[in-house]
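Contents: one structure, followed by commentary.
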Amino acid sequence: MGKNRLSGVKGILFDLDGVLFVGKDPIEGAINVVKSVRSKGIVCRFVTNTSTLSISSLQNKLMDLGFEVNENEIISAPQAALLYLKSLNNVTVRLVLADDVKTDFHSLNQRDDNPDYILIGDIGKNWSYELLNSIFSSLTHGSRLIAIHKNRFWQTEQGLQLDIGAFVTGLEYASGLDAMLIGKPSEAFFKMALNSTGLSPEEVIMVGDDIDSDIGGAQQIGLRGVLVRTGKFRKDYFERSSIKPERVIDSVSDLLEDLSI
């Protein structure tokens, strides 16, 4: 059995929603897993496409759920977008984001009328034809589109729900323009997360519930992917995928056995 275990793991990238928790409830055993891998000196990073919470709110949520997490261990897609936009020269931005996340972007030059960039994240029930048409109009006048992510769906306490990928794809189709993708599964996002660990790709694994964004994205830069059967995992979707994880486990709570710790 030993030869089948994951060897040489010095760092773990954990997806959040669907892997460590769903809604307001931690996945059974997840808190213990994080504590256990930390106690063995394994570097932990918490990588997420979540764009409804600011970094401080995200840390507070994890702490309230029972996870001991430092803010600098969280690698979020909105933060990656912020770093990218700050690197550009005095551009204007329209933020199609949840109000809490907007607080992280206060230093940017914002405008709604034909900005240089339009940044799209999760805004829940605030999507409307009027908003989509306004974005489309700006794109036809030269604005460029940045998507926090392009997920198809996500797992909630009420079941699977449509994610922003449908809106991003619709805007791309209508405008004839491709959005720049900031979060998972973009190679740049995973490189940023990996670089923060100071480790090499063969020393790090990605644990996620999304075969496309988590596992496929991680494999682009040489990380091993561990897919959990919680969260948005669906057996039929997994079986149709050409992406092959290193491991498929029932839950993150089974990870310790594979790591032999």
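Readers should treat all values here as calculations from the given coordinates under stated rules, not as data from a laboratory. Just so you know, these numbers come straight off a predicted model, no measurement behind them. Cβ coordinates were reconstructed from backbone atoms using ideal geometry, including for glycine residues, and neighbour counts include every protein chain displayed.
Values for this structure:
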{"read-out": "Selection of trypsin sites (Lys or Arg not before Pro), region 207-241, meeting DSSP coil and at most 15 other Cβ within 10 Å", "value": "Arg229, Arg234"}
{"read-out": "Semi-axis lengths, Å, region 210-257, gyration tensor of Cα atoms, sqrt of 5 times eigenvalues", "value": "16, 14, 8"}
{"read-out": "Inter-label distance for Glu202 and Glu71, nm, one decimal - labels placed 7 Å from Cα along Cα-to-Cβ", "value": "3.7 nm"}
{"read-out": "Dimensionless Rg ratio for the chain, taking C-alpha atoms and the 2.2 N^0.38 Å reference", "value": "1.01"}
{"read-out": "Separation of the Asn89 and Asn109 label points, Cα + 7 Å toward Cβ, nm", "value": "1.1 nm"}
{"read-out": "Dipole of the chain [Lys/Arg +1, Asp/Glu -1 at C-beta], most positive-end residue of Met180, Leu199, Ile75", "value": "Leu199"}
{"read-out": "Subset of Lys24/Lys184; Lys150/Lys232; Lys125/Lys235; Lys125/Lys232; Lys102/Lys150 violating a 25 Å alpha-carbon distance limit", "value": "Lys125/Lys235"}
{"read-out": "Simple label model, 7 Å out from Cα along Cβ direction - Ser36 to Leu131, nm", "value": "4.1 nm"}
{"read-out": "Largest-first principal axis extents of the Cα set of region 59-107 (Å)", "value": "40, 20, 15"}
{"read-out": "Relative contact order, percent, region 173-261 [alpha-carbon distance under 8 Å, six or more residues apart]", "value": "23 percent"}
{"read-out": "Of Leu199, Leu82, Leu131, the one that fluctuates the most in a GNM where the chain has Cα springs shorter than 10 Å", "value": "Leu131"}
{"read-out": "About the Cα centre, charge dipole magnitude for region 78-181 (Lys/Arg +1, Asp/Glu -1 at Cβ), debye", "value": "180 debye"}
{"read-out": "Proximal aspartates and glutamates to Lys35, defined as alpha-carbon separation beneath 12 angstrom and excluding residues fewer than eight positions away on the same chain", "value": "Glu68"}
